[in-house]
1. Might you check whether a residue that is surrounded by 13 or more Cβ atoms within 10 Å (Cβ to Cβ), within 24 Å of Cys79 (Cβ to Cβ) and small (Gly, Ala, Ser) occurs anywhere in segment 215-235?
2. Checking Ile337 against (1) in a loop (DSSP other than H, G, I, E, B); (2) modelled with pLDDT of 90 or more, only one condition comes out false. Which one?
3. Looking at segment 23-42, which of its residues are of a type in the set (A, V, I, L, M, F, W, C), closer than 19 Å to Pro94 by Cα and surrounded by fewer than 21 Cβ atoms within 10 Å (Cβ to Cβ)?
4. Give the residues of segment 198-214 that are surrounded by 18 or more Cβ atoms within 10 Å (Cβ to Cβ) and either of a type in the set (A, V, I, L, M, F, W, C) or not in a helix (DSSP H, G or I) (or both), sorted by residue number.
5. Looking at (1) modelled with pLDDT of 85 or more; (2) open to solvent by less than 40 Å² (accessible area, probe 1.4 Å), can you tell me which one Leu352 breaks?
6. Could you give me the residue pairs with C-beta distances under 6 Å whose first residue belongs to segment 127-146 and is on the phi > 0 side of the Ramachandran plot, whose second residue is not charged (D, E, K, R) wherever it lies, and which are 6+ apart or on separate chains?
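The values are calculated or read from the model by the stated rules, or taken from the named source; none is laboratory data. Please read all numbers here as calculations on a predicted model, not as lab measurements. Please note: Cβ atoms are built from the backbone with ideal geometry, for glycine as well, and neighbour counts cover all protein chains shown. To get the accessible areas, we keep the full protein, side chains included, count just its heavy atoms, and leave off ligands, DNA and RNA. Shrake-Rupley method; radii C 1.70, N 1.55, O 1.52, S 1.80 Å.
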Amino acid sequence: MPVGVVGLGYVGLPLAVAFAEVGERVIAVDVDERKIAAIAAGESYIEDIPSERLEAVKGAIEATTHYAPLARADAVLICVPTPLTANREPDLRPLIDAGEQLGRVLQRDQLVVLESTTYPGTTRERLVPLLEEGSGLRVGHGLNVAFSPERVDPGRTDYTLRNTPKVIGGITPQCAERATELYGRICDHLVPVSTPEAAEMTKLLENIFRSVNIALVNELAILAERMGIDIWEVIEAAASKPYGFTRFDPGPGMGGHCLPVDPFYLTWRAREFEMSTEFIELAGKINQQMPHYCVERIERALNDVVKPVKGSRIAILGVSYKGGVGDIRESPALRIIRVLAELGAEPFVPSLPTLGLDSAPLDDAVAGADAVVLVTAHPGIDHAAIARNAALFVDLRGVTRGVDAANIVRL
């Protein structure tokens, strides 16, 4: 029987391709008709899935906007977005919609696995009731439900879906057993845990660990700059310790679909248990303020060469949240650009129609800029050469560390 995948973004499309590559038929569902058309044409829109891979298995993937075909699936994986509202609270509307529609077509003995990152209790308290109400089935009596958090790191090639350990938590032991068998077809290492709540918390711990440590090193970077200490030299020295230290580098802030969002799912849930997760929230606050600090750094750098930020032409290098990928979700570059524009600067960036900004050839942008700001370091670009040729180069990623030049300013 086929495997169903709901939500065909950075998580869902790789899953669909992985199952198709091991010989499974796949029913792929998404509300975006453009994605459905791209899959049918074998044209990938995800960096981690080359079009050649998708083209090779497109005949095994039935892509559709309708949920009805999922009635034929043995298992259905839900990979829909779990964003935040404007008030930084969980927005489960995509998940609720998927649960309601899937519940109407579920058949006895099917397995449903939620992969979307969320707070502990979502699978049991929010998803299961939707599935049971829509289908008339009950978990343990014709319905199997589990949670298995996605661990996608876009652009990474050393750890893939195949060799990244897969955490699995079932509502019942039978649910866990079904999910373990399913993922064993495409994953080499499975990590079963006792409950979906444990699996949900595992994902949040992974991302909160990174968020807190990034906030720590960002705060130290601000302090080191005021003290006249090279934070990059300090990090290199600390990283020489073979134990008890994990390296994190400062930067303009966090982006992507996980780090800026996931910690707030837990802080929101914690309030229901009469607890304020001050440590986690402080880290989020520090990281959210980093783009504003970076603008201040740019302003001071311009001031040092007797230029006002108003009217200055500023080339922004790297708008996506991470090097080597095209994803701009929650990218700190967007906030830096907006604040600079509000101050009267004239930023030049890759095409961003939503901000009313057009692209500029790299050489022209550097030559005509009062300042070049490196926000995201993409591979294949000689940033050192750009720095040498720029009137002023503001390095927010530390790629010029070790280079002593009057026109280079580092975070």
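1. So far as segment 215-235 goes, no, none of its residues is surrounded by 13 or more Cβ atoms within 10 Å (Cβ to Cβ), within 24 Å of Cys79 (Cβ to Cβ) and small (Gly, Ala, Ser).
2. (1)
3. Correct list: Val31, Ile36.
4. Matches in segment 198-214: Ala199, Met201, Leu204, Ile208, Val212, Ile214.
5. (1)
6. Note: pairs meeting the criteria are Gly140/Thr172.
One line per residue, one yes/no per condition, for (1) without any contact (Cβ under 8 Å) to a residue 40 or more places away in the chain; (2) open to solvent by 20 Å² or more (accessible area, probe 1.4 Å):
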residue	(1), (2)
Gly253	no, no
Leu259	no, no
Glu274	yes, yes
Glu278	yes, yes
Asn287	no, no
Ile298	no, no
Arg329	no, yes
Ile337	yes, no
Leu340	no, no
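Condition check ((1) part of a strand (DSSP E or B); (2) on the phi > 0 side of the Ramachandran plot; (3) small (Gly, Ala, Ser); (4) at pLDDT below 85) across all residues:
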| site | (1), (2), (3), (4) |
| --- | --- |
| Pro347 | yes, no, no, no |
| Ser359 | no, no, yes, yes |
| Val366 | no, no, no, yes |
| Ala369 | no, no, yes, no |
| Thr376 | no, no, no, no |
| Gly380 | no, yes, yes, yes |
| Ala391 | no, no, yes, no |
| Arg397 | no, no, no, no |
| Thr400 | no, no, no, no |
